[in-house]
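Inspection log for the structure reproduced underneath, given as structure tokens.
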């Protein structure tokens, strides 16, 4: 998780949430906080900027004093650029930090090194050291500003980063540069996720693992319409084909109402088959211990018995 000096959920309630990113405190809409009451009304007076929606896709920021247009925060090896957008986003979803931690630590079987010495120095006894195994190939769909991409690359993967918005892909590349990972083996692709996956299948390209964080609704680079309720099952089946030799993991996160951990776990298992599944809600927590629901995650791995909910 983020260290307290880099990110903190200060309070939430009445349809809004108050967060500190580095030194900057932001007040933004939060539908999951609609039925809840604020716990610390006094904290909201320290807001540096407030975002209010004009319609479903746009809004305006009200600033209190002069603020930098861009700043950065750090998480482990990742340095992430922050900025206020017309959509109210700032460049990251803090609840994803636990998934980045899992990737960075190399906890998936895909990242486990092969022991070629067997503890007896067989390399020197029986010839030159073997070539290192190829880097695992990870596909990150709806990859946004690259947190999961950089976390997987930090663990040793070759990553293909796919997002439909060219400006967002450029933002992710800046994050790679800021993180000292500009030369990491990452392909940066501005493309509709479904179209890209179908093309990779036709070309015979395959991956060892898939990470995806699909929105409820969106558009591709040429106006392709994405509706999670309609298109996610088909996309999961295509991703299963992309990892036909046996995926080492799939990491799916979702913020769509009506798609909870149980339902998503069933969809993933239907596509990939039996495996170890971890499925649970993602939350953000204040220093006082209040938890704000923030979507859910499903992690599928082969040959494990972890069925935590």
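Taking segment 161-199, which residues are touching a residue at least 60 places away in the same chain (Cβ under 8 Å) and in a helix (DSSP H, G or I)?
Correct list: 171, 174, 175, 178.
Looking at the structure I just gave you, is residue 104 within 21 Å of residue 172 (Cβ to Cβ), touching a residue at least 12 places away in the same chain (Cβ under 8 Å) and touching a strand residue (DSSP E or B) at 6+ places or on another chain (Cβ under 7 Å)?
no
Mind checking whether some residue in segment 39-49 is outside any loop (DSSP other than H, G, I, E, B), out of contact with any helix residue (DSSP H, G or I) (no Cβ under 6 Å at 6 or more places or on another chain), crowded, with 19+ Cβ neighbours inside 10 Å and not assigned by TED's automatic domain parsing to the domain that holds residue 98?
no
Only one of these is surrounded by 11 or more Cβ atoms within 10 Å (Cβ to Cβ), on the phi > 0 side of the Ramachandran plot and free of Cβ contacts under 8 Å to residues at least 60 places away in the same chain: 13, 22. Name it.
13
The values are calculated or read from the model by the stated rules, or taken from the named source; none is laboratory data. All of these numbers come straight from a predicted model, not from anything done at the bench. All Cβ positions, glycine included, derive from the backbone under ideal geometry; neighbour counts span all protein chains shown.
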